[in-house]
């Protein structure tokens, strides 16, 4: 089960540590375990990074994510060593007056340590590795600068920077072109199907009808790839369609509820408020203000 809260007012991340490191040739960290979460960005150089027993070749533009109790190893090339940006954080927490001077405890990993398998099989908000290109570099540079300033408002500034990064990363993960393996094509097909059916109520048999694999298996792969279940992804797309219709058309709320195939306007209004915190009419009025 993922330790991440939804990306709403419950998402209150705390950045514990941010650093830029020019590695020495062949420099190695781990295998080790951390008690929080970490993003690791490769801005230059090459090497390998292992997470939960999977080894990845790392080069500029690679972004890694791993969480608590997930064994990992970082090893720089002998010829062209890494320049790395690392950021330790927890998705929820209380801000202190100043950032801590060092990350939470990092301990050596020994095979068979308690909770290893459960941690590696838990829900992943992001894949272990993503080929983002260099767009995250600006964020990491700003985070390191704020962390090193250690000014009284630095923890709040770091939270703001990190929330912007997570929102952008989440959107990038969802919209990027997927690799062309057979399994990835099935995942992409499910995403496309959910996008096209945003105006309809969700049906779990959509997945089984569109792939040769079981619903539970594909739903787990979909969540690993996009950070949310197929049902939640569809709900977000349906909410987005409702918002667009409220913002950009003259359709009545009743007409919109019928367009989205709700049983009644009352049920649509209740669903919309539960999802967004506002009644459809309140949302429309607010979006018409300037």
Please compute, over every Cα-Cα pair in segment 121-248, the percentage with a separation greater than 19 angstrom. 59 percent
Sorted by packing (mean other beta-carbon atoms within 10 Å per residue), highest first, where do 63-75, 192-204 land? 63-75, 192-204
Per-residue [θ]222 nm for the chain (sum of -39500 (n - 2.57) over DSSP H runs n ≥ 4, rounded to 500): -13000 deg cm²/dmol
Tell me the angle of helix 182-196 to the major Cα principal axis of the chain, expressed in degrees between 0 and 90 and rounded to the nearest ten. 40 degrees
Calculate how steeply helix 137-149 sits against the longest principal axis of the alpha-carbon atoms of the chain, using the helix alpha-carbon long axis, and give the answer as 0 to 90 degrees to the nearest 10. 60 degrees
The chain: projected area of the alpha-carbon convex hull, averaged over directions, in nm²: 17.8 nm²
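Based on the Cα coordinates of segment 182-287, what is the per residue volume of their convex hull in Å³?
Convex hull volume per residue, Cα atoms: 101 Å³.
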Degrees separating the helix 265-276 axis from the principal Cα axis of the chain, which is the longest one: 20 degrees
Looks like segment 56-103, by Cα gyration tensor root eigenvalues a ≥ b ≥ c and the a/c under 1.5 rounded cutoff (else prolate when a/b is bigger than b/c, oblate otherwise), is prolate
For segment 189-244, Rg(Cα) over 2.2 N^0.38 Å is 1.06
Evaluate the Kirkwood expression for the hydrodynamic radius of segment 14-175, namely the inverse of the mean inverse distance over all pairs of different C-alpha atoms, and round to one decimal in Å. 16.1 Å
Among beta bridges assigned by DSSP with both residues in the chain, the antiparallel ones amount in percent, to the nearest 5, to 95 percent
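Bear in mind these aren't lab numbers, they're just calculated from the coordinates by the rules spelled out. Not measured: the values here are computed from a predicted model. Don't worry about glycine lacking a Cβ; one is built from the backbone with ideal geometry, like all the others, and counts go over all protein chains shown.
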